[in-house]
Amino acid sequence: MALLEIKFWDVGDFNPGTKSAEGRCTWGGSSCSNKPEFTVTDRTGVNFGACDDHVLTYIRDRLTHGA
């Protein structure tokens, strides 16, 4: 069973100066120019901004690789 940690994006979820704090989707990598709508947490506990397209990629990753 995988633990999914997803919440609505908030600038307070990120360290200042990070791309996620700047309002970029970082789960989609550097090629994604969409605004993040969600904050997702990876297996190591790091938060990433995720747009509505890439939140599905996050879910697939967590279900595939577990917690």
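The values are calculated or read from the model by the stated rules, or taken from the named source; none is laboratory data. This is a predicted model, so every value here is computed, not measured. With ideal geometry, Cβ positions are generated from the backbone for all residues, glycine too; neighbour counts draw on all protein chains shown. Side chains included, ligands, DNA and RNA excluded: accessible areas come from the protein's heavy atoms. Shrake-Rupley method; radii C 1.70, N 1.55, O 1.52, S 1.80 Å.
Side notes on the structure shown:
- Options Cys25, Cys51: the member that is open to solvent by less than 80 Å² (accessible area, probe 1.4 Å), in contact with a helix residue (DSSP H, G or I) (Cβ under 8 Å, 6 or more places away or on another chain) and without any contact (Cβ under 8 Å) to a residue 40 or more places away in the chain: Cys25
- When residues of segment 37-46 are limited to those that are open to solvent by 20 Å² or more (accessible area, probe 1.4 Å) and modelled with pLDDT of 95 or more, the one nearest to Ala2 (Cα to Cα): Phe38
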